[in-house]
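The values are calculated or read from the model by the stated rules, or taken from the named source; none is laboratory data. Note that the structure is predicted; figures quoted are calculated from it, not measured. Glycine gets a Cβ as well: all are built from the backbone with ideal geometry, and neighbour counts include every protein chain shown. Note: areas computed on protein heavy atoms with side chains; ligands, DNA, RNA excluded. Shrake-Rupley method; radii C 1.70, N 1.55, O 1.52, S 1.80 Å.
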Amino acid sequence: MPLSEHEQRLLEEMEKQLHADPQFADSLRQAESAGRYSTRNIAIGLLIAVAGLAVVLVGISLSSMAVIGIAVGVIGFFLMCFGVYLALSKRGSAGGDALGTGGAAAAPPKRSSYLQRLEAEWDERRRGENN
């Protein structure tokens, strides 16, 4: 069912107002990027998990030396767990890197020329309405 002209105008006006608000646009952009998995983290995490599995297998083969075999197996298990954690961690969470070290303080994101142009058009329209 198509929208009436009045509804279309209202929808266009609401879209313009939402695009004109830079804080809203930035919050949408940040929410979108925070929910993605990092391909780099997945690859590194899987490599670490496979290495951990190999260390567990070495620990099992060293089971004749009870203490050393168990220690190697436990280390391999923790490597596997860390690899899976790293692979499943989402990028951009809490403003730091996937290892939770915090990262450097990020500079505020620059507005794109598109948003600047929309904001300028909005300001011109508002000035035109007030005059």
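A few remarks follow.
- If the condition is being open to solvent by less than 60 Å² (accessible area, probe 1.4 Å) and in contact with a Phe, Trp or Tyr (Cβ under 9 Å, 6 or more places away or on another chain), then region 78-89 contributes ALA87, SER89.
- Whichever residue in region 12-39 is open to solvent by 80 Å² or more (accessible area, probe 1.4 Å) and not in a helix (DSSP H, G or I) and, among such residues, is modelled with the highest pLDDT: TYR37
- Taking residues in region 42-67 that are farther than 20 Å from PHE82 by Cα, and partners anywhere that are open to solvent by 60 Å² or more (accessible area, probe 1.4 Å), the pairs with Cβ atoms closer than 7 Å and at least 6 places apart or on different chains are LEU62/ILE68.
- Test: residue in region 64-77 that is within 30 Å of LEU115 (Cα to Cα), at pLDDT below 85 and either open to solvent by less than 100 Å² (accessible area, probe 1.4 Å) or in contact with a Ser or Thr (Cβ under 6 Å, 6 or more places away or on another chain) (or both): no
- The single condition from (1) open to solvent by less than 100 Å² (accessible area, probe 1.4 Å); (2) more than 16 Å from the chain's Cα centre (by Cα); (3) at pLDDT below 80 that SER4 fails is (3).
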